[in-house]
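Below: the structure, in structure tokens.
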Amino acid sequence: MLAPLKLAAGQAWAAWRRYPALRRSLAAVPAGPPILVTGMYRSGTTWVGAMLAPAGLWSLHEPFNPNQGLWDAELAYARSDRPRPRIDALVGDLLRGRHRRVLRLPSAGRWFTPLRVLPHAPRRVLVKDPSAALLTEYLVRRHGARALVVWRHPAAVVSSFLRLGWPTHRLVARLLADAELMEDWLGPHAATLETALARADARTGAVLYGAVAATLLGFQRRNPHSISRLAFEDLCADPGTAFRALFAALDLPYDASVAREHARLTSGARGAERPHGVVRASATLPDRWRAELPPADRDAVREVWEGFGLPHYRGAADWTAGEPGPEFGAPR
């Protein structure tokens, strides 16, 4: 009976002891627009969010994921030309520092920690949420967000879907049921999505990724100054250089403490094999699918991806089982 109480007391003491330094970090970050990190599920958004958070960002984890209890529709879509009061109310609360149970910062996991109970007005908010991928344009245009869309090789994403038993069939059905989304973006791909409903395999996962990616690419083309594309493979190849450049572009401070945290998050010392971990052996991640995904599944994913006409990962070397080609392949 005493062991849980001792653990909770130890966690509380550690959280309150570390709070002054954490509060100084949160107060030192320059004020700026909220940052949205999104993309397809299993594309590396959690890791990217964890790499950005040490700049002093008020880091929120998937507030639009229905499992968090704040929102009820996974992969919801909203046109940006008219307000959606429910979305606006939730975003307003998040930017004011409410709903702290989705806060993803050190020592913020328990309700009795200072970050959960003491007043705090966030200077800059980070929202990491692939569930909000189809809200990207809405959040950019109506809430001034700066969006970072993480792209990852479709074979790697689908390999992860299959390994974890991801509910791709249900999510494809969700896209088809959204009349506005189909009218605005996915109408040309309706037959492909409908065919995928009869399956639950690599092709279904590829259709889900292709549909979301096609919509995100359309958002980015209409909002080139507010929505940026990041290649997961590029970030993994040289995280130090890539994230220093990203911090500069976002006007985020990069100091010795950030560098130390980045070294920890890319070392793979622990958590590298955990499905939802953020400590990664980053150099080994981009090409793991080449050993995991059977050739037939790889070919099916490639066929679907090319059917969506997406410009990334188009080179032949991107799909071979040997050495990788250019991260985004040759655009067309």
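The values are calculated or read from the model by the stated rules, or taken from the named source; none is laboratory data. The model shown is predicted, which means the values in this text are computed figures rather than measured ones. Don't worry about glycine lacking a Cβ; one is built from the backbone with ideal geometry, like all the others, and counts go over all protein chains shown.
Quick notes
- Residue match in segment 33-48 (condition: touching a residue at least 12 places away in the same chain (Cβ under 8 Å), more than 27 Å from VAL157 (Cα to Cα) and surrounded by fewer than 19 Cβ atoms within 10 Å (Cβ to Cβ)): yes
- Residue in segment 317-328 that is surrounded by fewer than 17 Cβ atoms within 10 Å (Cβ to Cβ), within 17 Å of ALA213 (Cβ to Cβ) and modelled with pLDDT of 90 or more present: no
- Unique residue being in contact with a Ser or Thr (Cβ under 8 Å, 6 or more places away or on another chain), touching a residue at least 40 places away in the same chain (Cβ under 8 Å), farther than 30 Å from ALA156 by Cα and of a type in the set (Lys, Arg) when the list is ARG23, ARG18: ARG18
- Restricting attention to segment 218-238, the residues that are surrounded by fewer than 20 Cβ atoms within 10 Å (Cβ to Cβ) and either part of a strand (DSSP E or B) or in contact (Cβ under 8 Å) with a residue 60 or more places away in the chain (or both) total 8.
- Among residues of segment 33-60, those that are assigned to a helix (DSSP H, G or I) and of a type in the set (Lys, Arg), counted: 0
- Checked against the criterion of being at pLDDT below 95 and more than 26 Å from PHE247 (Cβ to Cβ), segment 118-132 has at least one qualifying residue.
- Among the residues of segment 239-266, those that are surrounded by fewer than 19 Cβ atoms within 10 Å (Cβ to Cβ) and among the hydroxyl-bearing types (Ser, Thr, Tyr) comprise THR241, TYR254, SER257.
Residues checked against (1) within 27 Å of ARG264 (Cβ to Cβ); (2) in contact with a Cys (Cβ under 6 Å, 6 or more places away or on another chain); (3) not aromatic (Phe, Trp, Tyr):
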site: TRP58; (1), (2), (3): yes, no, no
site: HIS61; (1), (2), (3): yes, no, yes
site: GLY69; (1), (2), (3): no, no, yes
site: GLU74; (1), (2), (3): no, no, yes
site: ASP81; (1), (2), (3): no, no, yes
site: ASP93; (1), (2), (3): no, no, yes
site: GLY97; (1), (2), (3): yes, no, yes
site: ARG100; (1), (2), (3): yes, no, yes
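- Boolean, TRP305 is at pLDDT below 95 and of a type in the set (Phe, Trp, Tyr): no
- The set of residues in segment 191-217 being farther than 14 Å from ALA155 by Cα and over 19 Å from the mean Cα position of the chain (by Cα) consists of ALA191, THR192, LEU193, GLU194, THR195, ALA196, LEU197, ALA198, ARG199, ALA200.
- With respect to (1) over 19 Å from VAL48 (Cβ atoms); (2) surrounded by 24 or more Cβ atoms within 10 Å (Cβ to Cβ); (3) not polar (S, T, N, Q), the lone exception for ALA133 is condition (1).
- Filter pass, PRO63 being closer than 29 Å to ARG23 by Cα, in contact with a strand residue (DSSP E or B) (Cβ under 8 Å, 6 or more places away or on another chain) and either part of a loop (DSSP other than H, G, I, E, B) or free of Cβ contacts under 8 Å to residues at least 24 places away in the same chain (or both): yes
- Evaluating TYR77 against the criteria (1) closer than 23 Å to ALA50 by Cβ; (2) buried (at least 21 other Cβ atoms within 10 Å of the Cβ) leaves one unmet condition, (1).
- Pairs with Cβ under 8 Å, 6+ apart, first in segment 183-196 and closer than 12 Å to PHE308 by Cα, second at pLDDT below 95 and not small (Gly, Ala, Ser): none
- Hits in segment 196-217 (condition: closer than 11 Å to LEU176 by Cα and surrounded by fewer than 22 Cβ atoms within 10 Å (Cβ to Cβ)): LEU197
- As a summary of the residue check, ARG270 satisfies the conditions (1) exposed (fewer than 13 other Cβ atoms within 10 Å of the Cβ); (2) closer than 25 Å to HIS61 by Cα; (3) modelled with pLDDT of 90 or more except for the one numbered (3).
- In the set (1) over 19 Å from the mean Cα position of the chain (by Cα); (2) under 23 Å from VAL48 (Cα atoms); (3) of a type in the set (D, E, K, R), the condition left unmet by ARG142 is number (2).
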